[in-house]
1. Could you put Thr281, Thr197 in order, starting from the residue whose Cβ has the fewest other Cβ atoms within 10 Å?
2. Near the amide H of Thr79, under 5 Å away, which other amide H atoms are found, from residues 5 or more places off or on another chain, if H is placed in the peptide plane?
3. Taking H as built 1.01 Å from N, whose amide H comes closer than 5 Å to the amide H of Glu71, not counting residues under 5 places away?
4. Taking amide H atoms as placed 1.01 Å from N in the peptide plane, list the residues 5 or more away in sequence, or in a different chain, whose amide H sits under 5 Å from that of Asn111.
5. Which peptide among 284-294, 162-172 comes first, and what is the full order, when sorted by highest mean count of other Cβ atoms within 10 Å?
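Nothing in this text is a laboratory measurement; each read-out follows from the coordinates by a stated rule. Remember, it's a predicted structure, so these values are computed and weren't measured experimentally. Glycine gets a Cβ as well: all are built from the backbone with ideal geometry, and neighbour counts include every protein chain shown.
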Amino acid sequence: MRILAGAVVCFLLGNAPVAAQDTVPLPVRIDGSARLVLNLTKIERRSGQPEQRAAFTYDVTMTGADKETGERGVVWHLTAMDGERVEPGASPSPDIRMTVDENLTPVSLDNLDEVMEAARRQLSASGQMDEAGARAFEGLLSLTPETAAPLFTRDATMLAQGQGTDLAPGEPSFYEIEGSLPWGGAKVTMIGDYELTEVDRTLGKAHVVWSQQIDPTSLREAMPQMIESLFAELGATDDSSDVAAKLRAAMTGATVENSRRCEFTVDIATGLAEKVDCLTTIAFVAGEESSRRETRLIATQDLKP
């Protein structure tokens, strides 16, 4: 089974037991260079706010795979937004140039300087480059092409999550990975599973479902460290002890949900996830305070002859 990649993955803690029945390997099989048309629709819902929706079309080109590493060079070029064609030279964002592994998961962002400069311009134009914004942007300057990939290529990583699997039909394959929360790197365990729910040899399609969420026990254990780190990040003030006490009280019994569920329709011949539908939910409840955000990513990938 493929090594799972993600923005917060540190290392693989475990794999599912070997299935009694044969597995169905679905490697990416794209010979030589290739071109894709990628359509992305992003839908976001936040507590008490209207739904936000945006659609993007990319022309995707990729080189042939390296014979030793299987890596490829990939370029995402924006061609349309919300149904309107993006004229050459008028794109609001630069191309995304990546190196990807054999499953098309990004391993490096190859035009990091260009992407960072575009981000700086956008922050300045939106008025967010205040003291806090400048400090946050300054923190990004230490990124390398490899460490920047999880942050700036999330959509590409999500599309690739269902590619390169090797699963037994109808048998969930569970795993655990260790990740870090913000503000001090408190460790949490993420629990996930893959399942090959359908294989249609006639149509040449396979249906893969992937889900992942925070282990509640590890989250409770990490919460005190996260609170202390958050308070330290805010800085001490004259009423720091009162603020700290109120923060700790508010967080006592708090519940946090961070879950993701994706469905992939995979073309068996190429191993490409032709259709992707992912729902990410982040919810927080502490006393009378609560918030919820749902982000849905719908995508199609069309391999051109």
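1. In order of increasing Cβ crowding within 10 Å: Thr197, Thr281.
2. Thr57, Tyr58, Asp59
3. Under 5 Å from the amide H of Glu71: Asp66.
4. Arg97
5. Ranked by mean Cβ neighbours within 10 Å, highest first: 162-172, 284-294.
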